[in-house]
Amino acid sequence: MAKKGLKSYSIRIDEQLLHKLHVVSAYEGRSANNQIVMLIRDAVEAFEAKHGKIELEAQKGP
């Protein structure tokens, strides 16, 4: 069961790049999923540092 607030997102990735991701994530002591989340978080933080905070609309529902 997924944790509340977490969404699943599937990507298409070149096989060699995926293998390299696994090497990097293992070296960093993370799962490939956690490594990707960290890279996305870093990219968003860099974007916001350059362009300002991204404001999201309030989400509806429980």
Give the residues of the range 22-38 that are of a type in the set (Val, Ile, Thr) and either at pLDDT below 95 or surrounded by 12 or more Cβ atoms within 10 Å (Cβ to Cβ) (or both), sorted by residue number. Val24, Ile36, Val37
Is there any pair linking a residue in the range 40-57 that is under 20 Å from Lys7 (Cα atoms) to one that is part of a helix (DSSP H, G or I), with Cβ under 7 Å and at least six apart or on different chains, and which? Ile54/Glu48
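The values are calculated or read from the model by the stated rules, or taken from the named source; none is laboratory data. Given the structure is predicted, the values throughout are model-derived calculations rather than measurements. Ideal geometry is used to build each Cβ from the backbone, glycine not excepted, and the neighbour counts take in all protein chains shown.
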